[in-house]
1. How much length would be gained if the chain were fully extended between Ala109 and Asp143, taking 0.36 nm per residue of separation minus their Cα-Cα distance, in nm to one decimal?
2. With the crude spin-label approximation of a point 7 Å out along Cα→Cβ, what separation in nm comes out for Ile199 versus Thr578?
3. What shape does segment 256-395 take by its C-alpha gyration tensor, where a ≥ b ≥ c are the square roots of the eigenvalues and a/c under 1.5 counts as rounded, a/b above b/c as prolate, and the rest as oblate?
4. Ranked from the most accessible area to the least, with a 1.4 Å probe and all protein chains present, what is the order of Glu527, Glu392?
5. Got a number for carbon plus sulfur as a percent of the chain's accessible area, 1.4 Å probe?
6. Considering only protein heavy atoms, what per residue accessible area in square angstrom results for the chain with a 1.4 angstrom probe?
7. Suppose accessible area is computed on protein heavy atoms with a 1.4 Å probe; arrange Thr385, Thr739 from highest to lowest.
8. Using a 1.4 Å probe, how large is the accessible area of Asp268, given in Å² and rounded to the nearest 10?
Amino acid sequence: MSAQEARAQRLARLAAQVDWSKVGDPYTGEQYGPEVLAELWAPDRITADRTCTLLRYAANGDGSSVRVAAAEMLPFLVEAARDPDVTARFEILRTIADTARTGNTAPTAKVDRILEGKWRPTVDPAWPAAWERSADGLLPLLDDDDFNIRAGAVDALAQSAAHADTLIPRFLSRFDDEPDRWLAARLVLAVGELARHAIHRREEALAWLRHRTTVGGKGEEPDIDQDIDAWIAWDEEVRHDVRLEAVEALRRTLPEHADPLYARVTTDALLASSTATAYPPVEYFSPRVDVITEADQRLGADLPGRLALAHALLRHHGPAEREGGLRIAARLMSRWRSAVPALLPAVAEFVDDARLENRLFALRVLAMCGAAARPWADLVATHLTAAGESHELAREHAIWALSRIGDARCVPPLAELLVARGDFSYRPTGTIDRSWNRSDLSLTEALTPFAAHADVLLDPLLAQIRGTANRWHPYYSILRQWHQDGGQVVPRLIELLDDDETLMVAAHALLRIDSGAVAAHRERLRERLKPLIGGLDSDLAHISPFEYHVLTGDNEPVHALLRSPDNSGFPEPSPQLTEPALLRACVTLGGSLGASAADRLRGMFHAALSRKPEFWSDAPRGAVERARALWRVTGDAEEVLSELQELTARSALEVYQTPGSVEALVLLAEIAATHPPIAERVAQQLRATIRERIKHENRFDAMKTVQSLWRLTSDPQQVVPALIDLVRICPPPGSTGLTSLDPLQLLAEVAATDPASITPATPVLHALLDADERPVRHDHWRAVCDDDALRAAARAVLDAAAAKEATVAAGSGDEAMPQT
């Protein structure tokens with residue numbers, strides 16, 4: 001029989017063992033057949049690799065579940081891995097290992113809370129038995145000549161929980177004979193993985209791993225020219241330094257056991273040069289800096305040990321070690337408040353480092369720490385000019401650091417930066433860790449603290465706004481903050497109204513800062529802005545009728561949006577007017593519209609109620625917005641009351657059973673504030689809805705409803721418990737959307753009204769203030785800033801309560817004083 005005939009017979013035999021109806025792409029539904037065997041055995045490496053990738057998805061999908069195809073394919077995958085003629089053997093072994101790992105972890109995997117009860121990872125019932133039968137077939141590969149194949153077999157067999165007790169001695173024996181350090185390290189990790197499942201050999205494996213933490217490498221390489229015998233003995237000795245991997249294996253096997261020994265071993269291993277002499281396949285390669293930071297991260301909550309490691313690395317002569325020390329220091333400071341005074345002095349020394357990357361990173365760490373870095377402000381300031389710092393990027397980092405520290409020496413270069421470019425440059429910082437690689441330099445944030453220097457910064461800032469077509473420029477937020485902080489912004493903007501070139505940018509700025517601040521200038525604004533009223537989508541050359549109304553109090557242009565062909569009392573909408581703009585105009589004009597306006601809106605409202613929503617949980621489209629406009633025009637709650645009560649009848653149920661979420665209920669609460677007969681009933685409905693939303697951690701709806709309840713009742717007792725719960729379930733500052741800052745801000749408002757009412761919240765507030773581990777997301781540049789914002793918000797609640805109590809006490813003292 002020829003080799004080709006033998007191959008065809010072999011593939012036919014393997015194909016006959018597979019139920020191909022179960023093998024296919026889990027996402028596209030494409031079915032695979034026996035042809036994949038020929039492609040897997042193809043001498044063309046590209047074809048074999050592509051086929052292996054397809055089979056990986058068929059077996060393991062996105063890595064969360066073991067699919068029905070896995071057990072069917074496993075026998076031919078094992079046979080392919082054993083065949084030296086197959087070109088994709090390593091990739092096949094990785095597919096087997098990944099699938100087996102998922103089979104071990106999926107049954108106990110945690111899922112996002114939103115998916116609980118709806119989806120969870122699954123393992124095909126046929127998989128465990130199939131894997132138990134097939135694992136023995138990989139044992140011969142532990143002695144394969146190719147170290148990549150040996151490594152693939154080790155990784156796969158490490159997931160064979162059923163054979164843990166028999167595999168552990170095989171791996172220990174293999175370790176003693178393994179010449180390659182990287183593969184020896186894989187064996188150590190595999191022993192740790194098997195120890196998690198072993199019954200009889202578990203203690204033996206743990207004892208061996210502990211022993212590996214005490215064994216260093218074979219020392220420095222002797223000079224071959226001086227002593228060839230010593231060099232030969234050194235070269236032939238098999239004694240690998242796998243201390244880092246032994247610690248990692250022990251941490252995985254005993255996750256609840258925190259041993260101070262781990263930090264000492266890690267420090268010693270990282271400072272020993274022998275730990276770098278490993279050459280893994282490219283798929284497993286990590287730069288030395290990442291090896292260092294990952295080793296530190298495995299030390300978990302051992303702050304003293306990690307601080308000692310950081311200091312040792314920062315003092316080391318090796319560039320990778322020093323760079324790793326900086327990154328570890330940043331990581332620790334982002335997590336623990338006490339790490340800042342412990343590490344910041346050592347990091348500050350790198351501001352003058354010869355390597356640009358280290359200077360940049362040190363400056364960003366100082367910026368990250370904000371006010372805590374003030375003792376080094378003079379040092380940072382030496383890097384503001386070309387004379388003190390040759391690299392422009394480092395000068396920008398010095399500006400950023402001083403701005404975060406709050407040092408006004410950065411103001412002149414900030415003004416220059418505004419004129420020259422309008423923003424910082426962006427450069428990555430040289431690490432593959434995305435959270436630390438992402439630039440956080442923000443000119444908007446750098447300018448915000450300097451309200452006292454608005455006279456220097458305001459005109460360049462306005463020039464930048466004029467130079468962009470985006471009228472929602474983030475620079476407006478700077479002007480608003482400067483105004484709130486007492487900066488002389490409004491007087492200058494009022495002056496600029498007289499200049500045609502700056503008129504519109506000043507008007508848009510005033511609109512977004514404080515329209516009340518210009519009340520005394522309304523006549524002037526009417527005269528200057530009326531010729532520049534444009535459409536609804538205004539830009540910096542025009543102003544919309546609604547914006548004009550806010551600034552001047554003149555509603556004539558809003559009326560003009562509605563043209564009346566007769567004396568009907570309700571103007572017909574312009575053909576260009578969208579429904580949202582029409583309803584906004586009605587809400588703005590309110591009762592000044594006549595009876596025909598109410599008739600038109602009433603018809604629109606009932607038309608909306610008659611339309612069936614696309615999804616049963618949606619409110620009828622436009623119903624809430626039309627109800628609000630109808631109510632504002634008529635001033636009669638009865639116009640919409642019964643319909644809103646029907647829409648909100650199920651609002652105390654889980655969100656997906658409530659049409660339109662809580663928008664209708666929020667409107668009902670607005671109406672109840674002006675309609676006392678329903679106020680208590682609506683308040684009760686709000687309380688029930690809040691409880692349900694918090695129970696399901698629907699923080700967005702819960703917060704809206706709490707705000708409505710507070711506006712309706714002004715009763716602290718009704719909102720404080722919910723706000724405490726919201727502080728607990730809301731994500732920390734720095735997260736997208738609603739964060740714990742929002743309920744804390746409302747809690748401060750409540751505290752200013754009734755200090756005693758926030759007593760139940762004081763343990764939560766003090767926990768936020770007193771914790772050493774920052775209650776925010778760690779391991780990124782914004783962690784300290786987010787934590788500072790959280791602490792400021794918690795302190796604002798206590799300060800508001802204290803101020804109110806002091807005011808009350810002072811008032812009581814005045815009343816008690818005798819009259820003379």
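1. Result: 8.9 nm gained on full extension.
2. Here the modelled spin labels are 6.8 nm apart.
3. Oblate, since a/c reaches 1.5 and b/c is not below a/b.
4. Descending accessible area places them as Glu527, Glu392.
5. Exposed carbon and sulfur together represent 52 percent of the surface.
6. Using a 1.4 Å probe on heavy atoms only, each residue of the chain averages 46 Å².
7. Reading off the accessible areas and sorting them downward yields Thr385, Thr739.
8. Approximately 90 Å² of Asp268 is accessible to the 1.4 Å probe.
The values are calculated or read from the model by the stated rules, or taken from the named source; none is laboratory data. Note that the structure is predicted; figures quoted are calculated from it, not measured. Cβ atoms come from the backbone with ideal geometry, glycine included; neighbour counts cover every protein chain shown. When the accessible area is computed, the model is the full protein with side chains, heavy atoms only, and any ligands, DNA or RNA have been set aside. Shrake-Rupley method; radii C 1.70, N 1.55, O 1.52, S 1.80 Å.
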